[in-house]
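Notes follow once the structure below has been shown.
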Amino acid sequence: MKFAWDVQNLIQTIESNNPDPGPMRSVWDTICMAMKQVNEPQGQSRNHEIAGKSISNFVKYAYNIKIVNLIFTIMVHLRKLCINQQSFEVSVPYPNINLPREFPPIFRMPRDMPFVSLIDDVIDSCIENGSTQSPDWILFHAQIHLSRGSPRNAIRLIMNEAASRCSLFTGSYPSPIDINPTPTPITCLNSELTKALPSSNLLVVAKALENIDCSTQAAICHWYANNKDKAFKLIISGNRWDSIEQWYKCIGSVTLLEFICASHHRQGHVAKRDMVKKLIENPDLNVNNKRMVRLEVKTIKKLEFCRKIWKLYS
């Protein structure tokens, strides 16, 4: 299959940092033609639908993860060129390669545009194959769910994967081996939690929570993902139905709690303001505590928050 050879040649070109645009143009033109929205003449043995499905089947059964990564990167880029969908924010395995910004010359009329449905079929095939070969594809899959209006599926996917990698958020962790000096328990737990649920995954969960109008949960999630400006913006929003103590107890930062307290005070929520004040008075949250004490409190609070999100949406 010529297309398979072209893809393999393109991968070698990318890995060798070869600036030759020929291999990329060949693969790009083939994919665009396979996805083009044109009624082929009757009697032709291969129309646009068959060509699109052939690429989808090729990716579905490709054993080389590099092939799946490359085609997924191209298909995401092609979809963004075809349709301007703001919610389609999907990361790609090859973010630094130079992709064409125009369609092949044969695409002269609007009716020549590729089928978005065929593009989505190939993207789905990439996810189906990639998810079985690399855990990095959990993020891509969740972003696709989010872009298609399924925020709960995105949360469920990421949190189930994180729970399986972090002992179901119970706080247990594997004993370190051959590390001298031996790290403290809280350092190991924090490392395991960060590895299971990196900031990129937390951001997807936070955006999904925003989509289902869970502003308080989304703000806390943004905070733990180090997107603090967004967390502050969500806190000052007027309608936060989930501003309850159970979620505020999951916050391990006096700064965020003080901001929440001030927000409730401005809005006249006296009972909620006093409730947050009591949480701030907790000596464990004292900013003058030692660094390891503050790390322990933050890690335990973050673990509690992740466990609640996982149980609630899984």
Based only on other Cβ atoms within 10 Å, what is the fewest-to-most ordering of 302, 80, 230, 290?
290, 80, 230, 302
What is the angle, in °, between the Cα long axis of helix 185-196 and the longest principal axis of the Cα atoms in the chain? Nearest 10 is fine, range 0 to 90.
30
Region 2-134: proportion of alpha-carbon pairs further apart than 18 angstrom, %:
54
Taking Rh as the Kirkwood radius, which is the inverse of the mean 1/r over Cα pairs, what is the Rg/Rh value for region 161-267?
1.05
Would you mind checking the tilt of helix 199-211 against the longest principal axis of the Cα atoms of the chain, expressed as 0 to 90 degrees and rounded to 10?
90
Relative contact order, percent, of the chain when contacts are C-alpha pairs under 8 Å separated by at least 6 residues?
13
Region 144-176 and region 59-133: distance between their alpha carbon centers, rounded to Å
25
Mind listing the long-range amide H neighbours of residue 36? Cut-off is under 5 Å, sequence gap 5 or more, other chains count too, H placed in the peptide plane at 1.01 Å from N.
115
Can you compute 3J(HN,Hα) from phi for each residue in region 268-279, using the Karplus curve 6.51 cos²θ - 1.76 cosθ + 1.60 with θ = phi - 60°, rounded to whole Hz and x for Gly and Pro?
x, 8, 5, 4, 5, 4, 5, 5, 5, 4, 5, 5
Does anyone have the angle between helix 215-224 and the longest principal axis of the chain? Alpha-carbon axes, 0 to 90°, nearest 10?
90
Spelling out what I want: for every residue of region 151-161, take phi, set θ = phi - 60°, compute 6.51 cos²θ - 1.76 cosθ + 1.60 (Karplus), and round to whole Hz; glycine and proline get x.
x, 5, 5, 5, 5, 4, 5, 5, 6, 5, 5
Compute the relative contact order of region 136-232 as a whole-number percentage, counting only Cα pairs closer than 8 Å that sit 6 or more residues apart in sequence.
25
Computed over the Cα atoms of the chain, what is the convex hull's projected area averaged over all directions, in nm²?
20.8
How many angstrom lie between the C-alpha centres of region 9-36 and region 229-302?
51
What's the ranking of 248-258, 263-273 by average number of surrounding C-beta atoms within 10 Å, highest first?
248-258, 263-273
Distance check, please: which entries in 228/311; 53/311; 249/311; 66/302; 278/302 exceed 28 angstrom between their Cα atoms?
53/311; 66/302
Taking a straight Cα-to-Cα line shorter than 18 Å from residue 233, and setting aside same-chain lysines fewer than 8 residues away, one finds 207
J(HN,Hα) series, region 124-131, from Karplus relation 6.51 cos²θ - 1.76 cosθ + 1.60, nearest Hz, glycine and proline x
4, 5, 4, 5, 4, 7, x, 5
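We did not get these values from a lab; they are worked out from the coordinates using the rules stated. Worth saying up front: this structure is predicted, and the values here are computed from it rather than measured. Here the Cβ is made from the backbone with ideal geometry for all residues, glycine too, and neighbour counts use every protein chain on show.
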